[in-house]
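Where a number appears in this text, it was derived from the coordinates with a stated rule and is not lab data. Keep in mind the model is a prediction, meaning the values are calculated, not measured. Neighbour counts run over all protein chains shown; Cβ positions are idealised from the backbone, glycine included.
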Amino acid sequence: MPLVVFNQKGGVGKSTIACNLAAISASQGLRTLLIDLDQQGNSTQYLLGGPADEDQPTVATLFDQSLSYSFRPVPPTDFVLATPFENLELMAASARLDELQGKLESRHKIYKLREALQQLKQGYERIYIDTPPALNFYTRSALMGARGCLIPFDCDDFSRQALYTLLDNVQEIRADHNPELAVEGIVVNQFQSRAKLPQRLVQELIDEGLPVLQPYLPSSVKVRESHEQSRPMIHLEPGHKLTQALVALHDGVWAARA
């Protein structure tokens, strides 16, 4: 059930897509969790309006716990924060993720997130994971613990070349560590329907047999307002064409997984 949103290229709308899909799940009455594994904390900022307070638990606290043995480890649910949105909770990012990464790798803690997800699945109907724009320890942890992966794609040649490498990396993790992992699809983001280049690039991906999802998410300045107000589109403007595209994408992804 956990769904990873991942691309090794930055600036493709990864956090925006993860947060908006999570908000839509929650708005449909489903108890939803978003886990922010990116130390930049864009998803945390989007949903909380700022970083988590220093005294609040974060995903870094969860990983920190795995570095010290305890007879009674704190359950993963204790590292979850409420958001202003009904049914939507967050495991917030932290700048400490960077300093922890080397320690976690050296202690072979790559499966700790998968163990936490097994427990978290008991309390949530939807779990989304926002990952860093790199195939690092945290991204690998997420892909090893999830069932599905969504890949945002913004229509340019650099994104296309990175896409092939990304698909190879996901396939390698599936073969070596997580046979249940599947690429649910490629999410075309910031699509300009009247421009020839995006149309050509997307059509070439389809012709190659890649799992390009419908609908394509249109380019819109409304996203900036959504970020500034820390309100996902379903709460900011439910009738907007981008919101409706996100809802259709959300419903299609989960219908295919049913």
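Each helix, a run of at least 4 DSSP H residues, gives -39500 (n - 2.57); summed and divided by the residues of the chain, these come to -13500 deg cm²/dmol at 222 nm. For region 3-128, the alpha-carbon radius of gyration amounts to 1.02 times the rule-of-thumb value 2.2 N^0.38 Å expected for a compact globular protein. All other residues with a Cβ under 12 Å from the Cβ of D130 taken together, and with Lys, Arg as +1 and Asp, Glu as -1, what is their net charge? Net charge in that neighbourhood comes out at -1. When you count the other C-beta atoms within 10 angstrom of each residue and take the mean per peptide, 189-200, 133-144 line up highest first as 133-144, 189-200. Sorted from greatest to least, the principal axis extents spanned by the alpha carbons of region 119-248 come out as 41, 38, 23 Å. Over what distance in Å are the Cα centres of region 12-45 and region 220-258 separated? Their Cα centres are 11 Å away from one another. Think of each Lys and Arg Cβ as +1 and each Asp and Glu Cβ as -1; about the Cα centre, that makes the dipole of region 128-258 roughly 340 debye. In plain terms, the chain from A195 to Q244 could stretch by 15.5 nm, reckoned as 0.36 nm per residue minus the Cα-Cα distance. When the chain is treated as a GNM, springs tying every alpha-carbon pair under 10 Å, which of E180, E204, E225 comes out with the largest mean-square fluctuation? In this elastic network of the chain, the residue with the biggest mean-square fluctuation among E180, E204, E225 is E204. For chymotrypsin sites (Phe, Trp or Tyr not before Pro), the sites in region 53-109 that DSSP calls loop and that have at most 11 other Cβ atoms within 10 Å are Y69, F71.
Amide H to amide H distances under 5 Å link L81 with L90, M91, A92, where only residues 5 or more positions off or on other chains count and H is placed in the peptide plane.
Exposure proxy shown here: for T165, T243, the number of other Cβ atoms within 10 Å sets the order, fewest to most, as T165, T243. Against the empirical 2.2 N^0.38 Å (N residues), the chain has a Cα radius of gyration ratio of 0.97. With each label modelled as a point 7 angstrom along the Cα→C-beta vector, the Q28-D156 pair spans 3.2 nm. Using the Cβ-Cβ distance between D78 and Q171 with R0 set to 45 Å, the FRET efficiency from 1/(1 + (r/R0)^6) comes to roughly 0.80. Charged neighbours of E208, selected by a Cβ distance under 15 Å, balance to -2 (K, R count +1; D, E count -1). When +1 charges are put on Lys and Arg Cβ atoms and -1 charges on Asp and Glu Cβ atoms, the dipole computed for the chain relative to its Cα centre reaches about 300 debye. Largest GNM mean-square fluctuation across I234, I24, I206, computed for the chain with C-alpha springs under 10 Å, falls on I206. Other residues within the sphere of radius under 12 Å centred on the Cβ of D157, judged by their own Cβ, net out at 0 (K and R +1, D and E -1). Annotation: extensible slack from D251 through L67 equals 62.4 nm (criterion: 0.36 nm per residue apart, minus Cα-Cα distance). Suppose R0 equals 41 Å; then what is the FRET efficiency for A182 and D55 from their Cβ-Cβ distance, rounded to the nearest 0.05? The formula returns an efficiency of 0.60 here. Axis of helix 241-257 versus longest Cα principal axis of the chain: the two differ by about 60°, to the nearest ten degrees. In this structure, the amide hydrogen of G185, modeled 1.01 Å from its nitrogen in the peptide plane, lies closer than 5 angstrom to those of C149, I151, counting only residues at least 5 positions away or on a different chain.
If R0 is 41 Å, the Cβ-Cβ spacing of R107 and E225 corresponds to a FRET efficiency of close to 0.40.
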